[in-house]
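The structure under discussion appears below in the form of structure tokens.
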Amino acid sequence: MIEVRDLQVRYGERVVARVPELDVGEGECVAIVGESGSGKSTTLLSLVGLTEGADISGHIRVCGVDVLQASPRRLREIRGARVALVMQSPQAALSPTTRLGVLMRRVLKLHGVDGRNGGASRGGAARVMAEAVEAVMLDPAILRRYPHEISGGQAQRFAIALAIALGAEVILADEPTSALDVTVQAEVVGVLRELREERGLAMLLVSHDLALVSTIADRVLVMKDGEVVESGPAAEVLARPSHPYTRELLEALP
Ligand code: ADP
Ligand code: MG
């Protein structure tokens, strides 16, 4: 679902991310970890053509689309519908005066999902919406609420439900739990894990939270100053880090 080779992202003269190889298959979760400014978000955003003003070289394929060659229109098509971006503060992206259900219906319409072509979803958009909300373990009554009436964890799960409703195959999550209370972080992680296992979504997770990463990722890339300093199976990297920087990150864990 994601295939990256020899990626290099520059802003002006400065190389901010260099990733020789990054693959995420169906049902897999790969995590990028590293301190702030190490190039994690830049790498993630480059996968959907959202690094404005950057010079990018290398190869990026996402859902079969050659991202660096694709037209802006083609990129817009895959963003949202096939590739969902889950960011740090979902509430900020929700319009405060629009009920969640109205918002979801609009997004579905915008992407041409009305539930009538889906076969399995004979009940139309309402059915698609209810299914998506249930998939993230939210009460469907939440669709009648306004964004300020829900918690951060619910907002994050709603953002993920939008992706499900649209039929996303890939989730790109950038620090999806770091703005949340510890108590609700687990809810979001649980939902992400289930989507991967039950729906076979491919997931790229950016996080500085190694505890989170250890519970969900199959493979890990460790970045520092724009370079991948270590990568491999999550269990191995976290149990026997070979790079001093990875050891430092692990030692910083509470
Ligand atoms: P991380 O997500 O690991 O914290 P980022 O990918 O956001 O790191 O940033 C990596 C580096 O790239 C930082 O030094 C940042 O200042 C720089 N950078 C990010 N976006 C831009 C931009 N639009 N223009 C110039 N520099 C940028
Ligand atoms: Mg970042």
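Structure data summary
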| quantity | calculated |
| --- | --- |
| Gap separating the Cα centres of segment 16-81 and segment 122-141, nearest whole Å | 29 Å |
| Length gained when the stretch Ser242-Ser36 is fully extended (0.36 nm per residue, less Cα-Cα span) | 72.1 nm |
| Accessible area per residue, Å², the chain with all protein chains present, probe 1.4 Å | 48 Å² |
| Shape call, segment 73-116: gyration tensor on alpha carbons, a/c limit 1.5 | oblate |
| The chain: angle of helix 182-199 to the longest principal axis, Cα-based, in degrees nearest 10 | 80 degrees |
| Scaled radius of gyration (Cα, divided by 2.2 N^0.38 Å) that segment 1-106 gives | 1.18 |
| Calculated over the chain: convex hull of Cα atoms, volume per residue (Å³) | 123 Å³ |
| Three-way shape label, segment 37-160, alpha-carbon gyration tensor, a/c 1.5 | oblate |
| Whole-percent carbon and sulfur share, accessible surface of the chain, 1.4 Å | 47 percent |
| Lys, Arg +1 and Asp, Glu -1 on Cβ, resulting dipole of segment 95-254 about Cα centre, debye, nearest 20 | 940 debye |
| Positive-pole candidate from Ile56, Ile78, Val24, dipole of segment 1-86, charges at beta carbon | Ile78 |
| Degrees between helix 72-81 axis and first principal axis of the chain (Cα, 0 to 90, nearest 10) | 70 degrees |
| C-alpha long axis of helix 152-165 to longest principal axis of the chain, angle in ° | 80 degrees |
| Shape of segment 180-253, Cα gyration tensor, a/c cut at 1.5 | prolate |
| Positive dipole terminus of segment 186-254, leading residue within Pro233, His208, Ala252 (C-beta point charges) | Pro233 |
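The values are calculated or read from the model by the stated rules, or taken from the named source; none is laboratory data. Quick caveat, the model's predicted, so the values are computed rather than measured. With ideal geometry, Cβ positions are generated from the backbone for all residues, glycine too; neighbour counts draw on all protein chains shown. Only protein heavy atoms, including side chains, enter the accessible area calculation; ligands, DNA and RNA are left aside. Shrake-Rupley method; radii C 1.70, N 1.55, O 1.52, S 1.80 Å.
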